[in-house]
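Worksheet: the structure to be examined is printed underneath.
What follows draws every value from the coordinates through simple rules; no lab data is involved. The structure presented is a predicted model; accordingly, all values stated were derived computationally and were not measured. Cβ placement follows ideal geometry from the backbone for every residue including glycine, while neighbour counts extend to all protein chains displayed.
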Amino acid sequence: MTKPTVSPIEIIKIDGENINHTHDLLAVEEPMEIRVGYGLPNGRKQKRIAVTMRTPGNDFELAAGFLLTEGIIESIKQIYKIQYCTEANTVENLENIVRVELTPEIEIDFGKLQRNFFTTSSCGICGKESIEAIKTVCRQIVENTQLTISRNIILSLPDKLRAQQNVFEYTGGLHACALFDKDGKLLLLREDVGRHNALDKLIGASLSNDSFKANTCILLLSGRASFELLQKATMAGIAIVCAVGAPSSLAAATAKEFHITLIGFLRAERFNIYTNPQRIV
């Protein structure tokens, strides 16, 4: 079963003096619980990891991407199966609980896991501590590759993203992110009501494709560049992050620390480069 990503609704549309009864489409938002199965074959255990509000679709990619960007796994090879849980399989919960089966040798430090769920703005952790926390789980600093991208290719990316935002076209209510190669070719795109979910879906989709080399890709975000999105890009090893909106100060500090080129306010014929400008020609 494939759950819908949009939901029809009857509305009253006010346009100046005109009042019309019509229909609209809204982006679907439902919770998804992520669980992991771990341990030896004769003693498997289960742990609830997180609940996130998301747009249904690409749920297994979302779960895999989340586990990578939160430092629970290092590669897709540490997952041998992902499935929906059939328990509590009511109409409301259908396909809303995902269990990721990890390979038997994986050991999870659940104490560290809880300490590193720090991506909300009200978490109370200062900027320096947040970056240090990434270092405890991030296994790579983006390599200082010879990657260079022309200004014109960067400027072409937003239109390419918008042209492929199928659900946004109807609802206007979704965030999107996409990976492009150095020539500006669209490689992958994912949408979701949550910007962090969209990125986890994108990263999860890229994990199973060996042809994607994160340190040679350009990530484009349809909104602003927040700390949590730079955290996830860092964990995935992405070299260039572009955002249509503004970056936060902590996002810029994270990009500088991990050698990521960060671009903001990418729209019309302009953009700002905040860190590592050497990759932009």
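For the cross-link pairs Lys160/Lys201; Lys77/Lys256; Lys13/Lys201; Lys160/Lys256, the ones whose C-alpha atoms lie over 25 Å apart are Lys77/Lys256; Lys13/Lys201; Lys160/Lys256.
Annotation: aspartates and glutamates with alpha-carbon distance below 15 angstrom to Lys185 (same-chain offsets under eight excluded): Asp159.
Please report the base-10 log of the normalised intensity I(q)/I(0) for the stretch 21-107, using a Debye sum with one equal scatterer per alpha carbon and no solvent, at each q in 0.17, 0.19, 0.20 (1/Å). These q points yield log10 I(q)/I(0) values of -0.71, -0.85, -0.93. Beta bridges from DSSP with both residues in the stretch 151-279: antiparallel share about 65 percent, rounded to the nearest 5. Listed from fewest to most Cβ neighbours within 10 Å, the set Thr103, Thr52, Thr2, Thr261 follows the order Thr2, Thr103, Thr52, Thr261. Backbone geometry of the stretch 190-197 corresponds, through the Karplus equation with coefficients 6.51, -1.76 and 1.60 at θ = phi - 60°, to 3J(HN,Hα) couplings of 9, 10, 6, 5, x, 4, 5, 5 Hz, x marking Gly and Pro.
Name the long-range amide H neighbours of Leu188: under 5 Å, sequence gap of 5 or more, or other chain; modelled H, no Pro or chain starts. Amide H to amide H, under 5 Å and 5 or more residues apart or across chains, Leu188 pairs with Leu179. Applying 1/(1 + (r/R0)^6) with r as the Cβ-Cβ distance of Met53 and Asp24 and R0 = 25 angstrom yields a FRET efficiency of 0.75. By the Stokes-Einstein formula, at 0.692 mPa s and 37 °C, the stretch 151-279 with its Kirkwood radius over alpha-carbon pairs has D equal to 231 µm²/s.
Annotation: amide H of Arg35 within the under-5 Å range of Ile49, Val98, Arg99, Val100, sequence separation 5 or more or interchain, hydrogens built in the peptide plane. Amide H contacts under 5 Å for Ile149: Ile280, Val281, restricted to partners 5 or more places along the chain or on a different chain, H placed in the peptide plane at 1.01 Å from N.
Derived scalar couplings between HN and Hα for the stretch 62-67 equal 4, 5, 5, x, 4, 5 Hz in order, rounded to whole Hz, by the Karplus curve 6.51 cos²θ - 1.76 cosθ + 1.60 (θ = phi - 60°), x for Gly and Pro.
How much length would be gained if the chain were fully extended between Gln164 and Asp15, taking 0.36 nm per residue of separation minus their Cα-Cα distance, in nm to one decimal?
Numbers: separation 149, 0.36 × 149 = 53.64 nm, distance 2.87 nm.
Full extension from Gln164 to Asp15 adds 50.8 nm.
Residues within the reach of a label modelled at Glu132 (point 7 angstrom out along Cα to beta-carbon, backbone nitrogen below 14 Å), restricted to the stretch 242-281: there are none.
With the simple spin-label model, which puts each label point 7 Å out from Cα in the Cβ direction, the Gln278 to Lys3 separation comes to 4.6 nm.
Each of Thr86 and Arg35 was given a label point 7 Å from its Cα along the Cα-to-Cβ line. The distance between the two points is 1.3 nm.
For the stretch 33-68, backbone nitrogen atoms closer than 16 Å to the point 7 Å from Leu187 Cα along Cα-to-C-beta are found at 65.
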